[in-house]
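Here the structure is laid out as structure tokens; the discussion comes afterwards.
The values are calculated or read from the model by the stated rules, or taken from the named source; none is laboratory data. On a predicted model such as this, the values are computed, not experimentally measured, just so you know. Neighbour counts run over all protein chains shown; Cβ positions are idealised from the backbone, glycine included. Surface areas here come from the heavy atoms of the whole protein model, side chains and all, with no ligands, DNA or RNA. Shrake-Rupley method; radii C 1.70, N 1.55, O 1.52, S 1.80 Å.
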Amino acid sequence: MEPDIKSSSHSNYSQEQNLGSILSVRSSIIDIHFPKRLPYINSQLQTGKGGNLSIEVVSHLSAQVVRGVA
């Protein structure tokens, strides 16, 4: 089972959580699939036990996939 990646969208009124799944890992480069919507470039994503690993979104590869750096 693939670990979940959490992306949060902050607004003045609510906080919505967006979950993605890891597609591939190459050293510190991680490709992540988000079925609902993509997080913004430069967003911080959280994964691992208790959200202890951070990934920064560096590019959008497609309409549902981002590339990040851990």
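Below, the figures for the structure above:
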{"read-out": "Filter result (assigned to a strand (DSSP E or B) and open to solvent by less than 60 Å² (accessible area, probe 1.4 Å)) within region 37-70", "value": "Leu45, Gln46, Thr47, Ser54, Ile55, Val57, Ser59, Val65, Val66, Gly68, Val69"}
{"read-out": "Residue tally, condition exposed (fewer than 10 other Cβ atoms within 10 Å of the Cβ) and at pLDDT 90 or above, over region 1-27", "value": "2"}
